[in-house]
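So the structure is just underneath, and the comments pick up after that.
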Amino acid sequence: MKYLDEYRDADLTRKLLADLKKIITRPWTLMEVCGGQTHSIIKSGLDQMLPEQITLVHGPGCPVCVTPLEQVDKAIALGALPEVIFSSYGDMLRVPGSSRDLLGVKAAGGDIRIVYSPLDALQIARDNPAKTVVFFAIGFETTAPANAMAVVQAKAQGLDNFAVLVSHVTVPAAIAALMDSPDVQVDGFLAAGHVCTVMGYWEYEPLAEKYKIPIVVTGFEPVDLLHGILECVRQLEAGTHRVGNAYERSVSREGNQPAQAVIRKVFEITDRAWRGMGIIPMSGYRLRPEFAAFDAELRFPAVQAIETKESPLCISGLVLQGRKKPSECAAFGKECTPQTPLGATMVSSEGACAAYYRYGRIAKK
Ligand code: SF4
């Protein structure tokens with residue numbers, strides 16, 4: 001396949017592994033931030049090919065996994081209202097809430113629609129003027145521009161039956177929270193290439209300086225990942241700490257500035273709760289006051305009082321912080337499978353638990 005095979009090339013992979021083996025002298029723990037990277041690593045078996053001094057731990061970069069249970073329960077409550085059409089990406093429908101999931105709401109008669117873009121939700125709102133169409137606006141900086149654009153368009157078109165349930169989070173704040181935690185021991189980060197395609201990597205430079213850690217923007221194919229790991233280890237072995245870019249074909253330092261502008265136009269920074277990590281200060285987006293009319297939580301204030309209850313068996317919070325591997329969870333593959341998920345990391349296509357299950361990683365590395 002053109003433009004992809006070269007990033008899965010076996011000879012190049014072997015060469016990069018040999019380069020890595022030549023320079024490494026001591027153990028290093030690296031965290032890949034993104035769930036897409038986690039899946040690629042486990043699918044390709046890259047973690048098992050690396051020099052034994054390297055430990056890869058999986059970070060909180062799966063958008064479905066870090067969406068707090070409270071927001072999932074709010075989505076379920078909104079989806080059950082007869083006057084609401086609730087729209088969402090398909091991944092969110094199977095995420096377990098405190099008592100059921102959105103698919104359960106749909107089975108009970110709720111009008112839940114899977115969409116592939118927030119613009120699809122706008123069309124549903126145009127087609128159904130007697131209902132309020134709520135879109136579940138989750139994810140990192142990658143999905144924020146399209147969601148922001150949908151709100152801009154709804155305002156411009158006077159679509160007052162459209163609203164968003166916002167649960168946006170940002171990567172730099174999560175890296176800072178992990179580095180501030182005494183329980184998390186990470187020597188370097190592989191930053192998520194798609195997030196940096198939107199945001200650039202200038203935001204990471206103060207973090208690399210403050211925490212004295214290398215942060216390397218990294219792609220998603222095995223060769224991309226090895227480039228990122230090699231750059232990270234080179235810096236660690238040399239005692240340097242700066243932001244590197246191992247995904248130059250997509251990422252520039254400044255990023256996509258029109259996309260950043262529409263995010264800034266619609267959203268402002270706020271404290272956000274992360275599933276398994278609690279509230280991280282200034283780690284997400286909320287609608288600016290001038291777009292408050294599109295805030296589903298303000299339009300349906302009853303959902304603001306919702307309380308949540310996590311499964312006592314699930315340790316996904318520790319998985320999302322890189323403190324445990326999925327196969328160290330007692331419920332992994334027993335009470336918790338993709339068919340009977342207890343936590344979001346088993347539901348999402350980007351979740352670390354789902355990756356371990358899918359690719360048969362029962363024993364820990
Ligand atoms: S295997 Fe299931 S119960 Fe265990 S941490 Fe993962 S999602 Fe939670």
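The values are calculated or read from the model by the stated rules, or taken from the named source; none is laboratory data. Everything quoted here is computed from the prediction, not taken from an experiment. We place every Cβ from the backbone using ideal geometry, glycine too, and count neighbours over all the protein chains shown. Ligands, DNA and RNA are excluded from the accessible area calculation, which covers all protein heavy atoms including side chains. Shrake-Rupley method; radii C 1.70, N 1.55, O 1.52, S 1.80 Å.
A few comments on the model shown:
- Helix 171-180 and the long axis of the chain differ in direction by around 60°, with both axes built from C-alpha atoms.
- Under Karplus coefficients 6.51, -1.76 and 1.60, residue-wise ³J(HN,Hα) of segment 29-37 in Hz, glycine/proline x: 10, 10, 10, 8, 6, 9, x, x, 5
- Projected area, mean over directions - the chain, Cα convex hull, nm²: 18.1 nm²
- At a probe radius of 1.4 angstrom, the accessible area of segment 15-145 per residue rounds to 36 square angstrom.
- Packing here is the average count of other Cβ atoms within 10 Å per residue, and on that basis the peptides 109-121, 296-308, highest first, run 109-121, 296-308.
- Segment 132-153 versus segment 32-100: alpha-carbon centroid distance in Å: 17 Å
- Semi-axis lengths, Å, segment 290-331, gyration tensor of Cα atoms, sqrt of 5 times eigenvalues: 35, 14, 6
- Share of carbon and sulfur in the accessible heavy-atom surface of segment 120-187 [1.4 Å probe, %]: 51 percent
- Share antiparallel - DSSP beta bridges, the chain, percent rounded to 5: 20 percent
- Helix 257-266 axis, angle to the chain major axis (alpha carbon atoms, nearest 10°): 40 degrees
- Overall dimensions of segment 1-85 by Cα: Rg and Dmax, Å: 19.7, 63
- Added length on full extension, which subtracts the Cα-Cα distance from 0.36 nm per residue, residue 268 to residue 8: 89.7 nm
- Rounded tilt (10° steps) of 10-23 against the dominant C-alpha axis of the chain: 60 degrees
- Listed residue pairs exceeding 18 Å between alpha carbons, taken from 74/106; 15/325; 106/334; 21/212: 15/325; 106/334; 21/212
- Three-way shape call for segment 85-165 based on the alpha-carbon gyration tensor, with the a/c threshold at 1.5: oblate
- Where N is the number of residues in segment 226-268, Cα Rg divided by 2.2 N^0.38 Å: 1.63
- Cross-link reach list, aspartates and glutamates versus residue 210, counting only Cα pairs under 15 Å and skipping chain neighbours closer than eight places: 180, 187
- Each of residue 254 and residue 116 was given a label point 7 Å from its Cα along the Cα-to-Cβ line. The distance between the two points is 3.3 nm.
- For segment 29-176, the Kirkwood estimate of the hydrodynamic radius, built from every pair of different alpha carbons, is 16.8 Å.
- Spin-label model, residue 298/residue 311: points 7 Å from Cα along the beta carbon direction are separated by 3.7 nm.
- Under a 5 Å amide H cut-off, with hydrogens placed 1.01 Å from N, residue 141 pairs with 171 among residues at least 5 apart or on other chains.
- The chain, relative contact order [Cα under 8 Å, separation at least 6], %: 23 percent
- Reach of residue 309 by Cα under 16 Å, taken over aspartates and glutamates that are not fewer than 8 positions away in the same chain: 70, 73, 101
- Annotation for segment 311-343 versus segment 246-293: alpha-carbon center distance of 28 Å.
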